[in-house]
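One structure below.
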Amino acid sequence: MASTSTSTATAEPSRPSSPLANPRGIPKAIFLENVESFIGGPDGDAEESLQSLQQVLAKYRYMESNSLQRRQGLEEKVPELERTIAMVETLQRKKTANESFDTTFELSDTLYATGEVEEVDEVYVWLGANTMLSYPLSSAYTLLSTKLAAAQTSLSNVKQDLSWLRDQITVTEVNVARVYNWDVKRRRERREQE
Amino acid sequence: MRMLENDDADADTLVTLEDQRNINAFSKLNSRSDEVTAELESIKKQLEDVEEVETEMELMDEEEEVMYKLDSSFLRLPAGEVLTLLQASLEKLRSQTETLEKERDECEEGMTKLKAVLYAKFGTSINLEKGD
C-alpha cells in the first residue's frame, strides 16, 4: 500500500495510520465517542444532529455514486486497451515472422469485409478529440501500454476510494442509528417520569 | 444489506471505536465478497467457453485456417497458432479463477469471525444477514 503523502506530515506522528482524509482528499467520518456530548448535553437537539448526519451521509453517497460511475468507465476501458494491445502484438508477431494474414473486419455493426494484411510497419492510433496519429508498431505498443498502466492505476485508486467511502458511510450510518436510539430512549425516560 | 440497530431500548449497547472498526471491516468484506462472486461467475463462464473451444481445436489440422476473433475483427490464422493463443488465455483465466476463489474464501472466513464477535456483543440489535 502507498504511504501517505507528505502533505499530511503535520498530523500527529503517534497516529500515522488514521489520517483525516484519504489520498484523494475524501474526509474521514467522525466516530461518536459519546452520543450525548455530540448532541450537546442531556437536553440537546437530536433532530438537528440527525439532520446534519443525514447531510453528511448524502454527500458520501453522492461521492460513492460518482466513483462507481468512474469505476464502470475504467472497467470498460481497461479490457478495450488490452484487446488493442493484443492486436498490436499480433501485428508485431506476424511482421517478425514475415507472414501476411487474411482478416474479416468490421465495416459497420452488421457488415464485414475481407482483406489481406501484409507486413505492417505503422498503425493509426485514435487519440480522441477527432485526432488520429500514425505510429510505428513499437511506439504504438509503448504508447498503449502506458495508457493501460495509467488506466489500471486510476482503477485501483477508484477502488481504494470506494472502499474508503464504504467505511465512512458505515460509520455515519451507525452514528445515525445511535443518535436515533439515544433520542428514543430519552423520550421514553421522560414519558416514564411524567 | 444495512446495519441498523434495533430501536429497542432494552438492547441499548454502548458502541466503542473497536466495535465500529469491526462493523466497518465486516461491511467492506461483505461488499467485496459480492464483487468477487460476480467476477468469478463471469470468469468461469469465459473459462468454460475457452475450454470447450480448446478441446475442439486440438482435433484440427494445425495448418487449417480458422477465424480468430480479436476485438471487432476476425483474423484468419492457422489452427496451431490459435491453439497457442487459446492456451495462453486459458492459463490466464485459470490463475484469475484461483486468485478470486482464494479471496472469496478469505472474505467468508473473515465475515464468519466478525459475525461471531459482533453478535456476541450486540445480539439481536444488529443485523448482519444478506437480503433486503
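The values are calculated or read from the model by the stated rules, or taken from the named source; none is laboratory data. These numbers were taken from a predicted model, which means no experiment stands behind them. Cβ placement follows ideal geometry from the backbone for every residue including glycine, while neighbour counts extend to all protein chains displayed. For accessibility, only protein heavy atoms count, side chains too; no ligands or nucleic acids. Shrake-Rupley method; radii C 1.70, N 1.55, O 1.52, S 1.80 Å.
The table for this structure:
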item	result
Pairwise label distance in nanometres, A:Glu122 with A:Glu47, each label 7 Å out on the Cα-Cβ vector	7.3
Rounded tilt (10° steps) of A:46-96 against the dominant C-alpha axis of chain A	10
Among B:Arg94, B:Arg21, B:Arg104, residue whose mean-square fluctuation peaks in a GNM of chain B (springs only between Cα atoms under 10 Å)	B:Arg21
Tail beyond 27 Å, pair distance distribution of the protein assembly as shown (Cα, percent)	61
The stretch B:28-85 versus the stretch A:150-194: alpha-carbon centroid distance in Å	43
Paramagnetic reach from A:Lys185 (point 7 Å along Cα→Cβ, amide N under 16 Å) across the stretch B:99-132	B:121-126
Degrees between helix B:17-58 axis and first principal axis of chain B (Cα, 0 to 90, nearest 10)	20
Mean separation of Cα contacts under 8 Å (6+ apart) over length of chain A, as relative contact order %	30
Distance between modelled label sites at A:Tyr112 and A:Ala86, nm, 7 Å Cα→Cβ extension	1.5
Loop GluC sites (Glu not before Pro), the stretch A:16-100, which have at most 11 other Cβ atoms in a 10 Å radius of their Cβ (DSSP)	A:Glu33
1.4 Å probe accessible area per residue over chain A, in Å²	64
Residue of A:Leu53, A:Leu133, A:Leu81 that the Gaussian network model of chain A assigns the largest fluctuation, springs spanning Cα pairs under 10 Å	A:Leu133
Quarter of the Cα convex hull surface for the stretch A:12-96, i.e. its orientation-mean projected area (nm²)	9.8
Of all accessible heavy-atom area on the protein assembly as shown, the percent that carbon and sulfur account for (1.4 Å)	51
Shielded residues, the stretch B:51-75 - accessible-area loss of 20 Å² or more between chain alone and all protein chains, probe 1.4 Å	B:Leu70, B:Asp71, B:Ser72, B:Ser73, B:Phe74, B:Leu75
Magnitude of the charge dipole, the stretch A:95-194, Cβ model with Lys/Arg +1 and Asp/Glu -1, debye to 20	1500
Euclidean distance between Cα centres, the stretch A:30-73 to the stretch B:103-132, Å	24
Sparse-neighbourhood loop sites, GluC sites (Glu not before Pro) in the stretch B:68-132 - DSSP loop, at most 14 other Cβ within 10 angstrom	B:Glu129
Relative contact order (%) - criterion: Cα under 8 Å, at least six apart; region: chain B	45
Cα-centre dipole for the stretch B:26-125 with unit charges at Cβ (Lys and Arg positive, Asp and Glu negative), debye to 20	1240
Taking the C-alpha atoms of the stretch A:42-194, convex hull volume expressed per residue in Å³	162
Approximate spin-label separation A:Thr104-A:Thr142, in nm, with each point projected 7 Å along Cα-to-Cβ	3.8
Acute angle (nearest 10 degrees) that the helix A:137-193 long axis makes with the longest principal axis of chain A, alpha-carbon atoms	20
Ellipsoid semi-axes in whole angstrom, largest first, where each is sqrt(5λ) of the Cα gyration tensor of chain B	51, 12, 10
